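The values are calculated or read from the model by the stated rules, or taken from the named source; none is laboratory data. Quick caveat, the model's predicted, so the values are computed rather than measured. A quick note on method: Cβ atoms are made from the backbone with ideal geometry, for glycine too, and the neighbour counts reach across all protein chains shown.
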Amino acid sequence: MEEHTISYDFDEETLGFEEPEKAPAKPLGTGEKISLAVLGFGILMFVLQAMGMPPGGTWAGFLLVLLPVFFGTASYFYLDFKDTVPGIKHDNIYFRGLTNKGILGWLVGVVFTGFYIALYWFPEYLAGGIKIVNPLSLSLSGSPANNWFFYGFLYTVAVCVFGVRMFMKYRHNRYQQIRTASVMFFQFGFAFLIPNILMLFNQPEFYLSYFWPLKPEYLFPGTFSYFVNHPGGLGMFLVFWGAVMTFVATPLLTYYFGKRWYCSWVCGCGGLAETMGDPFRQLSDKSKKAWRVERWMVHSVLVFIVVTTVLLWVNSATSGAVFGEASMSLKKWYGFYIGAIFSGVIGVGFYPIMGSRVWCRFGCPMAAVLGILQRYLSRFRITTNGDQCMSCGNCSTYCEMGIDVRAYAQKGENIIRASCVGCGVCAAVCPRGVLKLENGGTFKDRFPGSDRPLGALIDSLKHA
Amino acid sequence: MRVAIIGNGVTGVAAALSIRRHQPDWEIVMISGESSFHYSRPALMYIFMGHMSYKDTKPYEDSFWQKNRIDLVRGWVTEIDAAGKKLIMHEKDPVAFDKLLIATGSKSNKFGWPGQDLGGVQGLYSLMDLRLLYENIKGARSAVIVGGGLIGIELAEMLHSRNIHVTFLVREKSYWTNVLPIEESQMINRVILEQGIDLRLLTELKEIVGNDSGKVRGVITNKEEFIECEIVGLTAGVSPNIALAKASGIGTGRGILVDWSFRTDRPDVFAAGDCAEIITEGEGRNLIQQVWYTGKNQGKVAGEVMAGQESVYEPGIWYNSAKFFDLEYQTYGMVGSVPVEGESNFYWEHPDHGRSIRIVTKDGAVCGINVMGLRYSHRVCESWVAEGRSLDYVLDHLGDANFDPEFYEKCEAEIIREIRKQAA
């Protein structure tokens, strides 16, 4: 045995593979510098106007922020990727503090979290920003901007700007490009423009791309009667839309395309995770323990919503005789703990700490429903290409839902997991072409036992 | 019954799992000096480039081994006492066994180049090599890589990601052309150049030149050109790592000599994976296979045999895959680097040079397929080759093999048109 192999001066488990030294890089190009300067100008305009300087609150002031921020960032991303060879761009991700829970990552986490705390409980701190977007709010919805309009606006800008980054990062991958275009479209149109325009026409503010149980109030009796009694007839349609999407479209689309038709193509939470959250996707916990916690949590939230909804309806039918105020307090409790703390503060605030899909994975009741359908009644699966897997682990590492994709791939098994949102990144990063997202011809050939989906469900409950 | 396995690479692990499947009660001890847990060797490059952390490269959670009652021993075996059935360990108590599997893998080739032991000269095979690279790149601005194979291009990609200028010496007239036909090989040449790597074809290493402190200063090529560099990557292939077996008196040739069931010349001692040389008995050259997949498959069979099953290794239809920077490659069946008498080659390449397919036929049956920049299904291609399908049949069903992601441009119509034209 050679001497040098026996002497071993590092512990591969803890030390030894931090960032290797790097030769000096080429300095930023002129275009990139200009882009960053333009972005910086936009941010400066925002800060100054938020502090009360003119022309805050006018269209000019609004555009002085929006245009430089949007085009500065978009052109930076464009130039940053333009001269690289199209392909997977994951160099240095584990060496950067922002993307590997370093100081910068924690800092961004604190800023995001602080923003959500302000948004939900101290909106007065956002007054400066709200004023800047006021002209847009007035023309779109006819009413002055509040914290929720400001939030919706920022959210939409983030999805669109980071969408540009996704287009560039994945310019070799049409699945990623089309999917990114889809989340941008639904965020901009369905979750921003339409709800605001509805308000302009004195209609209820309604998000066509959110349904019960993600928006549980759409099937609560209070919303129901408000919509049905709303003048103009549109309310009736919205009630109908909500019910059809929940009870007909959701199972049908999930049967044909899997959960992804919603989670990584339509949903706004998914939209932000797939764009602004993309740099953080590797931070999801892949352990079996995390999977166990996930199943308990996400299904508990679903049960909670179902119970609340049923109680509210019983209460409404009996005019409060049975449960009194109990069902109303459940509803409030849900709004606070799940809606605010979980989906907002932890869901987005913790992107740089726990990855981009914390809410989708551990909390979203819609994901739970779609997951059950995907697991037992869907044609969707990720297929494995024979024995070509060499267990490198890129797929598991970049799974934002924390699925240990490799565990299946290295055994040559199909991946059929309730939580899979079908983002397709596992297939993109695989260096051996092993993974493929597919809508099979039927659900029968997905894995042994799947020809009797209900039987499989009962079996899995028995073994739980 | 106690089984010891030397080496926790894919072969050792595949063997351990297959023994556990057949023998729930046997004791299994897996020994490695390299790492406490099994990791994926092909993922070494991704640790270095910051795509993954070391722990992400471990295919099983740490608790997996205890759950499957596979005891992991960290340490180096210095001698195999095959008669006394024990392993002598470096600074550790000996390990007794009833049956032994040697799965010590490969080591990088060094061909006796002058200066090959200078500081800054290294191969890339193990965690130790990776660690060494961390040291060697300190202050380095440029590197020379010698040997145009798979590890060479991986090392080039790794160093390139750290902004180190890479000169890539390839002895042949084109990259990896001892394995790939010239067209595929040239596609990769283009990829290498596009990345800004200084690719030198038909260029050999003559001498590595050091400075006063015993470190690399540069190399001299067979064209008498001096190339300045601080790192030299020697990636001219690997050979079976047989030093331990040989020193312990177990029969070796180029590798550890075994039969088709991985038995060595000593009772209850087996060897499999990269380190093994299968005696083929009159079927031509002995068989040494040194890729991930064969290591895994050999380990599985060796484990079955050790667990008392009647099992014989059947290499099956060849397959492999690789990625050259961003260009993916898959191969199924036998595709030679140059057409052999009696074989016909049909080839299509996309005008953008990013995708290609080659179909090789012999006696009217398809015997090999290469795809570059396209993903094709292992099962489908394998069945075509195994069933000896005709070119017409394969072209009629070509779409069934496409494994590209959804919405990718489908080239099958174009491929079929071009290949039918060539076949006419």
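List of remarks:
- Sole residue being more than 14 Å from every other protein chain (Cβ to nearest Cβ), touching a residue at least 12 places away in the same chain (Cβ under 8 Å) and of a type outside the set (Ser, Thr, Tyr), chosen from A:Leu66, A:Leu48, A:Leu44: A:Leu66
- Boolean, A:Gly258 is small (Gly, Ala, Ser), touching a strand residue (DSSP E or B) at 6+ places or on another chain (Cβ under 6 Å) and modelled with pLDDT of 95 or more: yes
- Residues of the range B:6-33 that turn out to be within 23 Å of B:Val312 (Cα to Cα) and either among the small types (Gly, Ala, Ser) or within 13 Å of chain A (Cβ to nearest Cβ) (or both), as a count: 14
- Some residue of the range A:86-97 being among the β-branched types (Val, Ile, Thr) and surrounded by fewer than 17 Cβ atoms within 10 Å (Cβ to Cβ): no
- Some residue of the range B:60-68 being touching a Gly at 6+ places or on another chain (Cβ under 9 Å) and either more than 10 Å from chain A (Cβ to nearest Cβ) or surrounded by fewer than 22 Cβ atoms within 10 Å (Cβ to Cβ) (or both): no
- For the range B:164-174, the condition of being within 14 Å of another protein chain (Cβ to nearest Cβ), assigned to a loop (DSSP other than H, G, I, E, B) and on the phi < 0 side of the Ramachandran plot holds for at least one residue.
- Entirely in the range A:220-315, the helices (runs of 4 or more DSSP H) that have 3 or more residues that are more than 23 Å from the chain's Cα centre (by Cα): A:221-228, A:234-244
- Hey, B:Ile192 within 14 Å of chain A (Cβ to nearest Cβ), outside any strand (DSSP E or B) and in contact (Cβ under 8 Å) with a residue 12 or more places away in the chain or not: yes
- Scope the range B:260-310; condition under 21 Å from the mean Cα position of the chain (by Cα) and polar (S, T, N, Q); matching residues: B:Asn286, B:Gln289, B:Gln290, B:Thr294, B:Asn297, B:Gln298
- Qualifying residues in the range A:80-99 (those that are facing chain B (nearest Cβ under 10 Å) and not in a loop (DSSP other than H, G, I, E, B)) - the one nearest to the chain's Cα centre (by Cα): A:Ile93
Conditions (1) surrounded by fewer than 21 Cβ atoms within 10 Å (Cβ to Cβ); (2) farther than 30 Å from B:Ile137 by Cβ; (3) within 13 Å of chain A (Cβ to nearest Cβ), marked per residue:
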{"residue": "B:Glu230", "(1), (2), (3)": "no, no, yes"}
{"residue": "B:Pro240", "(1), (2), (3)": "no, no, no"}
{"residue": "B:Val258", "(1), (2), (3)": "no, yes, no"}
{"residue": "B:Gly295", "(1), (2), (3)": "no, no, yes"}
{"residue": "B:Gly303", "(1), (2), (3)": "no, yes, no"}
{"residue": "B:Met306", "(1), (2), (3)": "no, yes, no"}
{"residue": "B:Glu314", "(1), (2), (3)": "yes, yes, no"}
{"residue": "B:Val335", "(1), (2), (3)": "no, yes, no"}
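- From the options B:Ile227, B:Ile242, B:Ile220, residue that is touching a helix residue (DSSP H, G or I) at 6+ places or on another chain (Cβ under 7 Å) and either touching a residue at least 12 places away in the same chain (Cβ under 8 Å) or more than 30 Å from B:Met89 (Cβ to Cβ) (or both): B:Ile242
- Scanning the range B:10-29 for residues that are hydrophobic (A, V, I, L, M, F, W, C) and within 22 Å of the chain's Cα centre (by Cα) gives B:Val10, B:Val13, B:Ala14, B:Ala15, B:Ala16, B:Leu17.
- For the range B:125-152, a residue qualifies if it is within 19 Å of the chain's Cα centre (by Cα) and either basic (Lys, Arg) or within 12 Å of chain A (Cβ to nearest Cβ) (or both), and the qualifying residues are B:Tyr125, B:Ser126, B:Leu127, B:Met128, B:Asp129, B:Leu130, B:Leu150.
- Residue satisfying all of: in the range B:365-389; farther than 29 Å from B:Gln186 by Cβ and touching a residue at least 12 places away in the same chain (Cβ under 8 Å); nearest to the other protein chains (Cβ to nearest Cβ) among these: B:Ala386
- Lone qualifier among B:Glu157, B:Glu207 - being assigned to a strand (DSSP E or B), surrounded by fewer than 23 Cβ atoms within 10 Å (Cβ to Cβ), touching a residue at least 24 places away in the same chain (Cβ under 8 Å) and assigned by TED's automatic domain parsing to the domain that holds B:Glu228: B:Glu207
- Residue within the range B:299-308 that is out of contact with any strand residue (DSSP E or B) (no Cβ under 6 Å at 6 or more places or on another chain), part of a loop (DSSP other than H, G, I, E, B) and under 30 Å from B:Asp259 (Cβ atoms) present: yes
- Selection within the range B:316-332: residues that are among the polar types (S, T, N, Q) and facing chain A (nearest Cβ under 7 Å). The member of this set that is farthest from the chain's Cα centre (by Cα) is B:Gln330.
- Residues satisfying the stated conditions in the range A:385-401, i.e. buried (at least 23 other Cβ atoms within 10 Å of the Cβ) and not in a helix (DSSP H, G or I): A:Asn385, A:Gln388, A:Cys389, A:Met390, A:Ser391, A:Cys392, A:Gly393, A:Tyr398, A:Cys399, A:Glu400, A:Met401
- Inside the range B:160-181, residues that are of a type in the set (Val, Ile, Thr) and without any contact (Cβ under 8 Å) to a residue 40 or more places away in the chain make up a count of 2.
- Note on the range B:34-55: residues that are facing another protein chain (nearest Cβ under 7 Å), surrounded by 23 or more Cβ atoms within 10 Å (Cβ to Cβ) and either more than 24 Å from B:Ser321 (Cβ to Cβ) or under 17 Å from the mean Cα position of the chain (by Cα) (or both) total 3.
- Unmet requirement for B:Pro339, which otherwise passes all of (1) modelled with pLDDT under 95; (2) crowded, with 19+ Cβ neighbours inside 10 Å: (2)
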